[in-house]
1. Tally time: how many residues in region 137-171 are under 18 Å from residue 227 (Cβ atoms), open to solvent by 60 Å² or more (accessible area, probe 1.4 Å) and assigned to a helix (DSSP H, G or I)?
2. Please verify whether residue 113 is closer than 21 Å to residue 173 by Cβ, open to solvent by 50 Å² or more (accessible area, probe 1.4 Å), in contact (Cβ under 8 Å) with a residue 60 or more places away in the chain and assigned to a helix (DSSP H, G or I), treating the condition exactly as stated.
3. Which of (1) in a helix (DSSP H, G or I); (2) modelled with pLDDT under 95 does residue 272 not meet, given it meets every other one?
4. Suppose we filter 284, 223 for residues that are modelled with pLDDT under 90, in a helix (DSSP H, G or I), among the hydrophobic types (A, V, I, L, M, F, W, C) and surrounded by 19 or more Cβ atoms within 10 Å (Cβ to Cβ); which single one remains?
5. Given the criterion in contact with a helix residue (DSSP H, G or I) (Cβ under 7 Å, 6 or more places away or on another chain), part of a helix (DSSP H, G or I), under 21 Å from residue 267 (Cβ atoms) and of a type outside the set (Asp, Glu), identify the matching residue among 379, 314, 363, 302.
6. Being under 16 Å from residue 257 (Cα atoms), in contact with a Ser or Thr (Cβ under 7 Å, 6 or more places away or on another chain) and touching a residue at least 24 places away in the same chain (Cβ under 8 Å) is the requirement here; does residue 104 meet it?
7. Go over the candidates 265, 228 one by one and state the one that is free of Cβ contacts under 8 Å to residues at least 60 places away in the same chain and in contact with a Ser or Thr (Cβ under 6 Å, 6 or more places away or on another chain).
8. Working carefully through the options 188, 175, find the one that is of a type in the set (S, T, N, Q), more than 19 Å from residue 106 (Cβ to Cβ) and modelled with pLDDT of 80 or more.
Amino acid sequence: MADKDTPYTAEWAPRLKHCPDPNRVGQIQTVPADPFVPHPPAAKLPPDPATRVTRMPPQSDARLHDPQSIPAEPSYYDIPMLKAPVWKWEIANYFFLGGLSAGAYVLGRVADRFGDSRYRDISRIGAYAALLAILPAPPLLIHDLGDPRRFHHMLRIWKPSSPMNLGTWALTAYSGMATFEVVRQFLSERGRRLGTAEHDKLTKLMNNGTLLLLHDLAGVPFALMVVSYTGVLLSCTANPLWSKNPWLSPLFTASAVSTGAEAISLALDCLPSHDDGPTRESAAHQAVRRIDTVAHAVEGAAMAGFNRHAGEKAATLHTGTMRRYHQFTTRGILAAELLKLLPLSGRLRKMARMLSSLLGLAAGWSMRWSFIYGGHEAANDPHTSRLVGRAETKTPTE
């Protein structure tokens, strides 16, 4: 039994004593010897370099290729001040597939309502592409939640102030609208091809003008919510890369429209056309290519606005491990547009068009991937985390 005059001190108590500089990331902390501790405490190990992001100030271009020369950034006992997001590959792919599906659905409904028979293939392929792309989205979301009951629990309440709850309801309602459109397209095509009256009653009901108008008034807004709520959801978090950035939702919306147009264009090249005439197929291709070009222009403007608003908080996209994905996004979009301008004809033009669609789809996926995993690095970077709490200052007009 210990002597009553000898105060008891736990082995971990010396670690709570003040250190000269305890907040320096990467510095090995040592604790002075204590006479009441039988053995000296172990030194604090440095953090894993694979999980720590080294900040590279934009003004020091000469040191960008020498991260070791940049001084360590203060943190809180080598612990990140913000918790990194738990989202991984499931959410990145869910964002991509959900955007592609909703973009193709909107283009198909616009072509069906405002176009003529020349754009019938856009309406037909857009419906099938929307359903095929949205089918993996709920399983990916449920797998990310970890427990299938969590998805069900989010549907038990209606909370418009929560982007996640609103997005869950929008995804569920939109999936029903996309299924309805595929069934309508299938029955209509089957009736035109076979000339049978087997499903006349159901076909007439689903093609009723009033019912179609109600379907579009509900389906198109739900589709737009699916493509835009993801950007709103990211901007409502405290993550430095996403926080309070108004350009995220326009960026994701424009990317969804472009990927939807590219998926339809790729399907038009791979599948037999509804009409045999080359002029009608050309009209459909020209329409989706023009829409894709406009969407790429809006996407580029939104990306520039995002980088300008984020400023130093977007450093992980330019100097971190996500730099290559971010660069591929920009270069992939530019390459896809350049392929459209090549003076080709015949089979070469078709191959260039298909390659352009593939590059655009890859760029849309790469953009989601870089934003999701770039958020991990931004949360682990002490300097970037501090930028969220700083008051915004106006820059002088040049």
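The values are calculated or read from the model by the stated rules, or taken from the named source; none is laboratory data. Small disclaimer: the values here were computed from a predicted structure and weren't measured. With ideal geometry, Cβ positions are generated from the backbone for all residues, glycine too; neighbour counts draw on all protein chains shown. Keep in mind that these areas ignore ligands, DNA and RNA; they rest on the heavy atoms of the full protein, side chains included. Shrake-Rupley method; radii C 1.70, N 1.55, O 1.52, S 1.80 Å.
1. Looking only at that region, the number is 2.
2. Considered against the rule, which asks whether it is closer than 21 Å to residue 173 by Cβ, open to solvent by 50 Å² or more (accessible area, probe 1.4 Å), in contact (Cβ under 8 Å) with a residue 60 or more places away in the chain and assigned to a helix (DSSP H, G or I), residue 113 comes out as yes.
3. Residue 272 satisfies all of (1) in a helix (DSSP H, G or I); (2) modelled with pLDDT under 95 except (1).
4. Being modelled with pLDDT under 90, in a helix (DSSP H, G or I), among the hydrophobic types (A, V, I, L, M, F, W, C) and surrounded by 19 or more Cβ atoms within 10 Å (Cβ to Cβ) holds for just one of 284, 223, which is 284.
5. That would be 363, the only listed residue that is in contact with a helix residue (DSSP H, G or I) (Cβ under 7 Å, 6 or more places away or on another chain), part of a helix (DSSP H, G or I), under 21 Å from residue 267 (Cβ atoms) and of a type outside the set (Asp, Glu).
6. Judged against the criteria, residue 104 is not a match.
7. Just one listed residue meets the conditions, 228.
8. 188
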